[in-house]
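The block underneath contains the structure these notes are about, expressed in structure tokens.
Every number in this text was worked out from the coordinates using simple rules, so none of it is lab data. Because the structure is predicted, anything quoted here is derived from the model rather than measured. Note: ideal-geometry Cβ built from the backbone for every residue, glycine included; neighbour counts use all protein chains shown.
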Amino acid sequence: MMIRGTTRVFGIFGHPVDHSLSPLMHNAAFRALGMDAVYVPFAVAPVRLGEAVAALRALRIAGVNVTIPHKETVLAYLDEVDAAARLIGAVNTVHNRDGYLVGYNTDGTGLIRSLAADLAFDPAGKRVLLLGAGGASRAALVALAETGAAWIGVANRTRPKAENLVAEFRDHFPGTDFAVLDLAASALAAVCPSVNLLLNGTSIGLKGEVFDALPWQQLNRAAVVCDIVYRSPDTPLVMTARSRGHRATGGLGMLIAQGEAAFRIWTGQEPPAGVMRQALAR
Ligand code: ATR
């Protein structure tokens, strides 16, 4: 595709950003639709984030994704932050509407879409065991509670972080019961028989690490397993789950779904089906 005077520019702010798969996904979608648009990675140092956001207006960049380490700090520089993103406290998508910058979070909606598309799972009325209490888990907890999960148990290595996370959202979601659990086999064994979804929001598995605190024998045989971690080939968690007969998916579906949601926000168009996934498969 030719870049010319009319080409609309999109991109991603991260630090580092060189391993991001988002340029592949979005440029493939633009190409498939014949759009006069391009998606560029921008390595933005933390101290430069304010200037980089101001540059969106100055350069009329149409939209950016925001990734580590800027997802939380970027909120302060935006003109408006969508309700879900405000609740999560993190923005991964910025839309430039004629110089008025609006922030969204498509990680949570991406997770819910991936659960539906990849696992045929709807969290409404279901019991979820959430491993981890960092940023990824936070977005997951909000999305699951908003979708009507009946119970969310949060287990984290550093227990006070799980307690703080639950304390923050308990009153906001009266329709969901919350529990804080130790990230230990003995504590998880008690809840595993009634769990419908096991969700990993920790970074365990990114480098092939194995979860040793999981009492697989106790896990409800019909439970589905989702690992927010994306790894190729699959994480040990996903491989073990499948070998034990559970439906399981890694973070690829969520990565694609958050990208597709950002594409809809920026362009008002439906991303071409399967194109982002095919771009990553190559
Ligand atoms: P992210 O924004 O990707 O969620 P994060 O906020 O740093 O990243 O959170 C990482 C999560 O993975 C945390 O829940 C962390 O547990 P702690 O709060 O105890 O640090 C969890 N985590 C990372 N490495 C871990 C390990 N080796 N064992 C258990 N939990 C781990």
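Our note on the geometry: Cα centres of region 199-238 and region 139-159, 16 Å apart. Where only DSSP H runs of four or more residues are counted, the chain gives -10500 deg cm²/dmol as its mean residue ellipticity at 222 nm, each run worth -39500 (n - 2.57). Straight-line cross-link partners of Lys161 among the aspartates and glutamates, defined as a Cα under 16 Å from its Cα and at least 8 positions apart when in the same chain: Asp182. The alpha-carbon of Lys71 sits under 13 angstrom from the alpha-carbons of these aspartates and glutamates, leaving out residues fewer than 8 places away in its chain: Asp107. Selection among His172, Ile88, Val224 by position relative to the dipole of the chain gives Val224 as farthest towards the positive end (Cβ unit charges, Cα centre). Remark: the Arg57-His172 segment gains 38.0 nm on full extension, using 0.36 nm per residue and subtracting the alpha carbon distance. Pairs of Cα atoms nearer than 8 Å and 6+ residues apart set the relative contact order; for the chain it is 17 percent. In terms of other Cβ atoms within 10 Å, Thr73, Thr67 run from fewest to most in the order Thr73, Thr67.
With a cut-off of 8 Å between alpha carbons and a minimum separation of six or more residues, what is the relative contact order of region 1-129 in percent? Rounded, it is 21 percent for region 1-129. Working from label points 7 Å from Cα in the Cα-to-Cβ sense, the Ala273 to Glu80 distance is 3.2 nm. Among Glu168, Glu146, Glu270, the ranking by other beta carbons within 10 Å of each residue's beta carbon, starting with the fewest, stands as Glu270, Glu168, Glu146. By the beta-carbon count within 10 Å of each Cβ, the least crowded to most crowded order of Thr106, Thr158, fewest first, is Thr158, Thr106.
Across region 121-246, the relative contact order, built from alpha-carbon pairs under 8 Å that are at least six residues apart, equals 25 percent. Karplus-derived 3J(HN,Hα) values for region 206-211, using 6.51 cos²θ - 1.76 cosθ + 1.60 with θ = phi - 60°, are 4, 10, x, 5, 9, 6 Hz; glycine and proline are entered as x.
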